[in-house]
Amino acid sequence: MRRLLAPLMVTLALAALCCCEQDPKDTSGSSSTDSIKIKKEVANAFVKRQKRFSVYERYLEYYKSPMEQMHERCENYPPCDYLSDQIGFSMAYNRFFGRY
């Protein structure tokens, strides 16, 4: 394994030197940064989130299900959180907070 490590390191060093050899101020061979820039409106088209139309989906954003509330209650109590990783959520929740 050590025999392969030395030639590998030499190869990586040579590859890094070859890649970094170009002058960063020389733009004749490479494209300029202005060609990479895009308009703000075009960039926002990728990021915009779809608007929700369903009333049920809006309800789910604001109100959590009872099971999710129980998960958060268990996560906020460190002994329950630790035990849930070991034996599962339902058994840990039953042990610390009773039947759900």
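The values are calculated or read from the model by the stated rules, or taken from the named source; none is laboratory data. Since the structure is predicted, the reported quantities are computational estimates derived from the model, not experimental observations. When we count neighbours, we look across all protein chains shown, and the Cβ atoms used for this are built from the backbone with ideal geometry, even at glycine.
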Scan segment 51-65 for residues that are surrounded by 10 or more Cβ atoms within 10 Å (Cβ to Cβ), assigned to a helix (DSSP H, G or I) and not hydrophobic (A, V, I, L, M, F, W, C) and jot them down.
-> R58
When restricted to A16, A6, the only residue surrounded by 10 or more Cβ atoms within 10 Å (Cβ to Cβ), among the small types (G, A, S) and either assigned to a helix (DSSP H, G or I) or modelled with pLDDT under 75 (or both) is A16
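Table: residues versus (1) at pLDDT below 70; (2) assigned to a helix (DSSP H, G or I); (3) at negative phi.
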{"residue": "P24", "(1), (2), (3)": "yes, no, yes"}
{"residue": "I38", "(1), (2), (3)": "no, no, yes"}
{"residue": "M67", "(1), (2), (3)": "no, yes, yes"}
{"residue": "E72", "(1), (2), (3)": "no, yes, yes"}
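Within segment 74-100, work out how many residues are modelled with pLDDT under 90 and either surrounded by 10 or more Cβ atoms within 10 Å (Cβ to Cβ) or in contact with a Gly (Cβ under 6 Å, 6 or more places away or on another chain) (or both). Explain how you work it out, then say what you get.
Filtering segment 74-100 down to residues modelled with pLDDT under 90 leaves 98-100.
Keeping just the survivors that are either surrounded by 10 or more Cβ atoms within 10 Å (Cβ to Cβ) or in contact with a Gly (Cβ under 6 Å, 6 or more places away or on another chain) (or both) gives 100.
Number of matching residues: 1.
Could you list all residues from segment 60-71 that are farther than 14 Å from N94 by Cα and either touching a residue at least 24 places away in the same chain (Cβ under 8 Å) or not hydroxyl-bearing (S, T, Y) (or both)?
The answer is L60, E61, K64, P66, E68, Q69.
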